[in-house]
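The next block holds one structure in the form of structure tokens; read it before the comments.
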Amino acid sequence: MLEDLGILVFGHTRPLLLADTLESLKKQGAIQNVDLWVDGDQGIPELRKKVSVTHQITSKFDVRNKYFHRGQLGFRKMILLAMQRAVQEYKYIILLEDDCFPSRDAVECFVNELKIVEADESVFSVYGHPFLMAEKSGVCTRFQGWGWATTSEKLAPYLKKLIDCYSMYEPDYLAFTKKSLTPEILKRLDVTPPRLPSHTLNNFFAWDETLALLTSLDGKVHKPTGKRIIYNCGLGEGASRFGEDKKFFEPPYNLVQPKDVWSYF
């Protein structure tokens, strides 16, 4: 596998989902390219038990680097730290949360797709879990953070802006988003109803909606892979937002059951 490729994988308290994602990467010969980021427990006993299980289960995977924390940083800070390190270390970067299950050739497809658009400054990212809407032109004007990839050259300038937004006093951040959400930008972002970035951007900071906004302000687009290679299974028990409502199995969500992920390998 490419030495200049970094695969950032994030986990915390869902060890079984994380194990499936890592096992898929192992089976496709990419586990040695993985930087594994696991948030901590901050000394909270119940949380410590869950994180301990995550540590135990992931110990069998021979990843390149393990970034295990004791403090509870929160996912937003974790992903910013991971991206900050990755842009210094790798040319090609793939980012997978624990519930983003990759198919058997996901890594190869990501790298091939990145090379195709590497010189195209209009394309910021490639993503593997399609909306199945707003993509008829072959690209999407809204960023999708469920299993995506980019290059360090393209990510670095937006990462600085993203960190600046994360560091803002919330009223200042909301003032920035309100000013930025012009009719033109809303037309580019809110293309996947009922998943509308503007709903979040008008209320609080989220890394993916903010990255969608920042890239949209520069007219960037995002390319779905030629075929689906990521299956988000983050619903049901342990999920923060998605229950087992049938609407989440349909566009623009297209989630799958955790028990079914290996049928998509």
Gain upon complete extension [Leu16, Glu121; 0.36 nm per residue less C-alpha separation]: 34.0 nm
Check: region 124-216 dipole with +1 on Lys, Arg Cβ and -1 on Asp, Glu Cβ, in debye: 220 debye
Helix-only [θ]222 nm of the chain, DSSP H runs n ≥ 4, -39500 (n - 2.57) each, per residue, nearest 500: -12000 deg cm²/dmol
Farthest toward positive dipole pole in the chain [+1 Lys/Arg, -1 Asp/Glu at C-beta], among Leu16, Cys140, Phe124: Leu16
Extreme residue, positive dipole direction of the chain, given options Asn65, Thr151, Val107 (C-beta unit charges): Asn65
Nitroxide proxy distance, nm - points 7 Å out along Cα→Cβ at Asn202 and Glu46: 3.4 nm
Solvent exposure, largest accessible area first (probe 1.4 Å, DNA, RNA and ligands not counted), of Phe248, Phe176: Phe176, Phe248
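Run the numbers on the chain and let me know its relative contact order in percent, using alpha-carbon pairs under 8 Å that are six or more apart.
Relative CO of the chain lands at 21 percent.
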Descending principal axes extents, region 1-135, alpha-carbon based, whole Å: 48, 33, 28
More than 17 angstrom apart: percent of Cα pairs within region 164-265: 61 percent
Other-chain or far-sequence residues with amide H under 5 Å of Phe101's (modelled H): Tyr231, Asn232, Cys233
Region 1-90: relative contact order in percent, alpha carbon pairs under 8 Å with at least 6 residues between: 36 percent
Order of exposure, largest accessible area first, which applies to Ser167, Ser52 with probe 1.4 Å: Ser167, Ser52
Burial ranking of peptide ranges 56-65, 136-145, 85-94 (average Cβ count within 10 Å, highest at the top): 85-94, 136-145, 56-65
Unit Cα scatterers, Debye sum, the chain: log10 I(q)/I(0) for q = 0.07, 0.15 Å⁻¹: -0.23, -1.16
Estimated FRET transfer efficiency (Ser180, Tyr67; beta-carbon r; R0 35 Å; 0.05): 0.65
Share, in percent, of DSSP beta bridges within the chain that are antiparallel, nearest 5: 35 percent
Region 48-137 - percent of accessible surface contributed by carbon and sulfur, probe 1.4 Å: 46 percent
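Where does each of Asp172, Asp99, Asp208 land when they are ordered by accessible area, with a 1.4 Å probe and the largest first?
Asp172, Asp208, Asp99
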Interchain or long-range residues, amide H under 5 Å from Leu8's placed H: Asp35, Ile94, Leu95, Leu96
For region 120-179, Kirkwood radius (reciprocal of mean inverse C-alpha pair distance, Å): 13.6 Å
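The values are calculated or read from the model by the stated rules, or taken from the named source; none is laboratory data. Because the structure is predicted, anything quoted here is derived from the model rather than measured. Glycine also receives a Cβ, built like all others from the backbone with ideal geometry; neighbour counts cover every protein chain displayed. Keep in mind that these areas ignore ligands, DNA and RNA; they rest on the heavy atoms of the full protein, side chains included. Shrake-Rupley method; radii C 1.70, N 1.55, O 1.52, S 1.80 Å.
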